[in-house]
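Peer 1: Dropping the structure in here first, questions after.
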Amino acid sequence: MSIHFPETNWFKAPTGGERVWIGLALAWCVVLTLAMPYWHFKGKQNSTGESYRVAPADFMARTEKFVGTNKVGELKGVPVVQPAPGGDAYLVAMMWKFYPVLKLKKDQTYRLHVSSLDLQHGFSLQPMNMNFQILPGYDHVLTITPTISGEYSLICNEFCGFGHHTMASKILVED
Amino acid sequence: MRAPALEGDLPVPEEKPGFLKGNHAGAVRTCDTTGLPVCLEAQKFIQLNAVMAVVALLIGGVVALLLGLTRWPSVHLLPSEWYYRLLTAHGFNMLIFWMIFMEIGILYFAGTTLLNSRLGSKALAWLSFGLMVTGAVTVEAMVFAGKADVLLTSYVPIKAHPAFYLGIILFAVGALVGVINFFLTIYIAKRDKTYAGSVPLVVFGAIAAAIIAVVTLLHGALVMIPTFTWSMGWTEMPDPAWYRLVWWGLGHSSQQINVAAMVSCWYLLGTLTVGAKPLNQAVCRGAFVLYILFINLASAHHLLVDPGVGAGWKIWNTSYAMYLAVLASMIHGFTVPASVEHALRKKGFNKGLFGWLFAAPWKNPGFSAFFLSLVIFGFLGGITGVTLGTQQINIIAHNTLRIPGHFHATVAGGATLCFMGLAYYVVPLIFRKEYPLKALARLQPYLFAAGIVTMAISMSFAGSYGVPRRHWDLEFTGSQFAVGFDSAAHFMMGIVGVGATLAFTGLIIFVLLTVWAVFFGKSNAGKPMESW
């Protein structure tokens, strides 16, 4: 019984079905262990986790500079900014908006820097459903290559106070 | 097919070669049902902790219904502030207070009754209980007063009232004192030679849970103390990435206490309901050791899409050793049902491959809750957990409803349901009161399980359409930019509401029957409990 004391020499190697099951389970765990690094190198959607420490004010200054040199228009009062293909793009999250709206070219690769000015936020791209964490004090670099043109929603999916559910923006991808 | 003798067929204590002379100095009674010794002091504290656990379950449950009805798009009940406020309350009541109060009770039971010993220290038990209650009440007061709308995780820089963090620290210290009292009990039992040989399997599992609890609570102190001093304005704010790393050493590991405690209760309920016996003690115990060694690394998979830690760190910490903890669950997932099968076959239910399963005492809520918990935790909770813990899949799942879809299967469908099943024995055996309306009690685990399964699956589907967790408004009303989700996502959110309502029905039946039994139930003192 599980609630009674076992016999004195209870230590014995697994036998029969138990032994087979443990072997199968262990083999599956080995497969899983190898699968994750395999997909990291082989898969097409991965994050390297590249990030740098940055003071929120410095990150905002970089974003303003980026907006100043690359602004191509405005959408609902928010600047629309087109980074140079292959270049850096900046996106800052704050309560409760993203700044600026990015306009990207299909099949071009960008280094997208995201950070926060205040609380923790979420970078959730819909309907692609790709999600990353945004932390204040960290420049999170996502190397991205949009492959389908269109208009995407960007929503915050980390609770950031009572306006959290209104925090949304757009990312535009054109041919 | 079913032999009438089986229902409520409690195991007649076999030979207990390990029991020697107890150390209770008279403060002990012999259980009229199992013949086991019950330390009266421990019994009192098991009762106190169980009562607090059920109070937390009730608060968390009422709040859960309101949350479910808010996320049901066509109902959308609560205003946004109250949604987030009650979400904070729901997390604390369900994941922390209900679980930990219950587990301290389980530790006192395992250390005393199963080892034939007295409780380590009455003073420590009072200290632990007092601190936990003070901490819990403080946290509740702060949350319901709107001074801590920071959700369970309270990720810095979001800031709550200092008393909120202090409440968490007090609760954690209280729990730690309870765990120390459990270790003290084992030490005293060993010193007084109340038993000989190795401890029973359930005690072994409880020790595993207690060791994980120490690791967890130390992480809690490490992260909550600097957060408290920051909220007082005494120190700088903890780094947000550091906070997330260490907080999850608390947040995820505390769920691993639940896993180890739940698995111990599976073995316990297997024995109490059908007389199951582990096939191989070494295998079961080895699996608990794997939990102790590796399960803390499961915390790392909360950071899979974070800045601050690189891909190498993420892959290393979430693959090699986390899977050894998964292996432990795979082993228990085999040995627990195997022991039930073995016991039922020995009783003569040998027809075909699954004859034993059909013959199992499904009308006994202790058994049905235990077995449904095993199935829901293993299939729904375990598979989603391992899937979400993969680096690539986490990108499409992080902070979506797929995450609560996973942990409602593990914590609600798994641990909570298992502890409900445990209550169907704790109340008759420790409180010595009979449950009223037994037919309703028999139905209860099925209702709760159906609700949780419905909710967990629909949450997972909604999450795969990108619906965020911890979010008040799928429509993004008042947002600068319109956001639209697939109509399937809206449909799934409706099903979440239906599942939540169903689960709440199961939960409230459990709470009402249990409260009724404890305070007004028919006493069974002096005779064996009525069979389920």
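The values are calculated or read from the model by the stated rules, or taken from the named source; none is laboratory data. Since this is a predicted model, take the numbers as computed values, not measurements. Reconstructed Cβ throughout: ideal geometry from the backbone, glycine too, with neighbour counts over all protein chains shown.
Peer 1: Determine which single condition B:Ala423 fails, assuming it passes every other condition in (1) farther than 27 Å from B:Asn49 by Cβ; (2) aliphatic (A, V, I, L, M); (3) more than 14 Å from chain A (Cβ to nearest Cβ); (4) in contact (Cβ under 8 Å) with a residue 60 or more places away in the chain.
Peer 2: Here B:Ala423 clears every test but (1).
Peer 1: Being in a loop (DSSP other than H, G, I, E, B), small (Gly, Ala, Ser) and over 19 Å from the mean Cα position of the chain (by Cα): is that true of B:Gly352 here?
Peer 2: Spelling it out, B:Gly352 is indeed in a loop (DSSP other than H, G, I, E, B), small (Gly, Ala, Ser) and over 19 Å from the mean Cα position of the chain (by Cα).
Peer 1: If you don't mind, there's one more thing I want to ask. Could you list all residues from the range B:144-173 that are buried (at least 24 other Cβ atoms within 10 Å of the Cβ) and under 22 Å from the mean Cα position of the chain (by Cα)?
Peer 2: Within the range B:144-173, B:Gly167, B:Ile168, B:Phe171, B:Ala172 meet the criteria.
Peer 1: Name the one entry in B:Trp234, B:Trp242 that is among the aromatic types (Phe, Trp, Tyr), on the phi < 0 side of the Ramachandran plot, surrounded by fewer than 22 Cβ atoms within 10 Å (Cβ to Cβ) and more than 12 Å from chain A (Cβ to nearest Cβ).
Peer 2: Just a single option satisfies the conditions, and that option is B:Trp234.
Peer 1: Restricting to the range B:110-159, count the residues that are among the hydroxyl-bearing types (Ser, Thr, Tyr), farther than 23 Å from B:Tyr243 by Cβ and either within 14 Å of another protein chain (Cβ to nearest Cβ) or touching a strand residue (DSSP E or B) at 6+ places or on another chain (Cβ under 6 Å) (or both).
Peer 2: Total meeting the criteria: 3.
Peer 1: Taking the stated definitions as given, is B:Leu422 buried (at least 21 other Cβ atoms within 10 Å of the Cβ) and either on the phi > 0 side of the Ramachandran plot or modelled with pLDDT under 95 (or both)?
Peer 2: no
Peer 1: Take the residues of the range B:378-393 that are at the interface with another protein chain (Cβ under 8 Å from one of its Cβ atoms) and in a helix (DSSP H, G or I): which is farthest from the chain's Cα centre (by Cα)?
Peer 2: Only one residue tops the list, namely B:Gln392.
Peer 1: Kindly list the number of the only condition in (1) of a type outside the set (Phe, Trp, Tyr); (2) surrounded by 11 or more Cβ atoms within 10 Å (Cβ to Cβ); (3) under 30 Å from B:Val336 (Cβ atoms); (4) within 9 Å of chain B (Cβ to nearest Cβ) that fails for A:Gly23.
Peer 2: Failed condition: (4).
Peer 1: Let me ask something else. Filter the range A:75-101 for residues that are crowded, with 19+ Cβ neighbours inside 10 Å and either free of Cβ contacts under 8 Å to residues at least 12 places away in the same chain or of a type in the set (Phe, Trp, Tyr) (or both) and give the result.
Peer 2: Passing the criteria: A:Tyr90, A:Trp96, A:Phe98.
Peer 1: Could you tell me whether the range B:448-464 includes any residue that is over 30 Å from A:Gly122 (Cβ atoms) and buried (at least 19 other Cβ atoms within 10 Å of the Cβ)?
Peer 2: So far as the range B:448-464 goes, yes, one or more of its residues are over 30 Å from A:Gly122 (Cβ atoms) and buried (at least 19 other Cβ atoms within 10 Å of the Cβ).
Peer 1: Counting residues that are over 19 Å from the mean Cα position of the chain (by Cα), which strands (runs of 3 or more DSSP E) fully inside the range A:40-154 reach at least 1?
Peer 2: Here the list reads A:71-75, A:78-81, A:101-105.
Peer 1: Right, another one. Across the range B:284-304, what is the number of residues that are touching a Ser or Thr at 6+ places or on another chain (Cβ under 6 Å) and either modelled with pLDDT of 90 or more or among the basic types (Lys, Arg) (or both)?
Peer 2: 1
Peer 1: Within the range B:264-274, identify whether any single residue is touching a residue at least 60 places away in the same chain (Cβ under 8 Å) and aromatic (Phe, Trp, Tyr), and answer yes or no.
Peer 2: Looking through the range B:264-274, at least one residue is touching a residue at least 60 places away in the same chain (Cβ under 8 Å) and aromatic (Phe, Trp, Tyr).
Peer 1: From the set of residues in the range B:308-323 that are in a loop (DSSP other than H, G, I, E, B) and out of contact with any Gly (no Cβ under 7 Å at 6 or more places or on another chain), which is surrounded by the fewest Cβ atoms within 10 Å (Cβ to Cβ)?
Peer 2: That would be B:Tyr320.
Peer 1: Quick check on the range A:102-151: of everything there that is at the interface with chain B (Cβ under 10 Å from one of its Cβ atoms) and hydroxyl-bearing (Ser, Thr, Tyr), which residue is surrounded by the most Cβ atoms within 10 Å (Cβ to Cβ)?
Peer 2: Among those that are at the interface with chain B (Cβ under 10 Å from one of its Cβ atoms) and hydroxyl-bearing (Ser, Thr, Tyr), it is A:Ser115.
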